[in-house]
Amino acid sequence: MLVSATEMLKKAKAGHYAVGQFNINNLEWTKAVLLTAQELQSPVILGVSEGAGKYMTGFETVAAMVKAMDESLGITVPVALHLDHGTYEGCYKCVKAGFTSIMFDGSHYPFEENLAKSTELVNVAHQLGLSIECEVGSIGGEEDGVIGMGECADPAECKTIADLGVDMLAAGIGNIHGKYPANWKGLSFETLDAIQQKTGVMPLVLHGGTGIPADMIKKAISLGVSKINVNTECQLSFADATRKYIEAGKDLEGKGFDPRKLLAPGFEAIKATVKEKMELFGSVGKA
Ligand code: G3H
Ligand code: ZN
């Protein structure tokens with residue numbers, strides 16, 4: 001069933017595990033993530049970036065597809081439909097479209113403007129029963145046109161935003177969207193600890209979940225991370241499985257070119273990646 005992310009993240013914070021946000025890009029992606037969450041009895045957050053929303057012909061289409069699929073697949077685990085790295089305008093569009101959660105990414109504004117817009121959107125979201133994520137400090141790298149310098153968040157600014165009553169807080173701690181470069185220095189656990197000291201029970205969000213080593217993931221969870229976002233890693237596993245299918249000439253055998261056959265290896269690869277992450281994050285059986 002579709003719910004806001006509030007309760008699942010409160011439980012995760014208290015239970016010292018993290019809920020995965022897996023970005024969706026089409027019907028097959030959505031089905032793969034939902035079925036895996038159900039099979040593992042794990043809560044899950046479906047992330048939709050502004051670009052993916054456009055690609056899927058609009059947030060209303062996405063909301064209708066997810067709602068219908070959640071029902072037709074008989075999904076009983078908590079599922080949040082969440083706008084990822086939302087613009088100010090995008091947040092209002094997703095509220096209207098029937099999303100259950102939004103992220104306002106105001107990290108590229110001067111802090112005072114981020115604070116003002118976040119304040120407004122927290123009130124709107126909570127009046128309508130949605131959960132809301134805000135961001136302080138930016139996530140490095142590029143994701144669907146969202147480019148960040150990767151500066152670490154200021155713990156005092158994190159507290160100011162947390163005090164608005166957001167349901168989850170994304171803070172730059174040296175994390176990067178996309179593949180991590182070989183010379184990456186790792187997460188700044190010192191910053192993360194300082195943020196948790198300031199924000200207390202606030203569920204913290206780790207963006208750029210692709211490729212972060214398991215020990216760092218576990219340490220981040222121990223320091224207050226309760227939501228971890230993964231997108232690129234599912235895209236890479238989908239592409240790799242699809243390539244192998246075609247390189248093996250499977251698309252030339254019989255009706256191997258049928259999109260339901262052509263997309264199947266990638267579908268299974270997404271499921272395997274999501275399963276691996278849910279097991280690592282500790283959310284299996286926590287529905
Ligand atoms: O907002 C989406 C996530 O931060 C995804 O990051 O593509 O590096 O896994 P990733
Ligand atoms: Zn992100």
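What follows draws every value from the coordinates through simple rules; no lab data is involved. The structure displayed is predicted, hence computed values, not measured ones. A quick note on method: Cβ atoms are made from the backbone with ideal geometry, for glycine too, and the neighbour counts reach across all protein chains shown.
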Size of charge dipole - segment 3-279 - debye, nearest 20, with Cβ of Lys, Arg +1 and Asp, Glu -1, no other charges: 680 debye
Cα-based reach from LYS219 at 19 Å (exclusive), listing lysines while leaving out same-chain residues under 8 positions away: LYS10, LYS11, LYS13, LYS185, LYS198, LYS227, LYS277
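With charges only on Cβ, +1 for K and R and -1 for D and E, what is the dipole size of segment 128-253 about its Cα centre, in debye, rounded to 20? Intermediate values should be presented prior to the final figure.
Numbers: 10 positive and 18 negative charges, 71 e Å.
Once rounded to the nearest 20, the dipole reads 340 debye.
Kirkwood-based Rg over Rh for the chain (C-alpha set), two decimals?
Numbers: Rg = 18.2 Å, Rh = 18.9 Å.
My calculation of the ratio gives 0.96.
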Dipole of the chain, positive end: most advanced residue of MET216, LEU252, ILE195 [Cβ charges, Cα centre]: LEU252
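What is the percent of Cα-Cα separations in segment 69-217 that go past 25 Å? Kindly include the intermediate steps, with their values, before the conclusion.
Numbers: 3267 of 11026 pairs.
Summing the P(r) of segment 69-217 above 25 Å gives 30 percent of all pairs.
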Relative contact order %, the chain, counting alpha carbon pairs below 8 Å whose residues are six or more apart: 22 percent
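Could you work out the per residue convex hull volume over the alpha carbons of segment 1-153, in cubic angstrom? Before the final figure, lay out the partial values.
On the way: hull volume 17.3 nm³, N = 153.
So the per-residue hull volume is 113 Å³.
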Pair-distance profile P(r), taking every C-alpha pair of segment 130-185, with 5 angstrom steps and integer %: 5, 20, 24, 21, 17, 10, 3, 1
All lysines inside 18 Å of LYS244 as judged from Cα atoms, apart from same-chain residues fewer than 8 positions distant: LYS255, LYS261, LYS271
Over segment 22-92, volume per residue of the alpha carbon convex hull, in Å³: 77 Å³
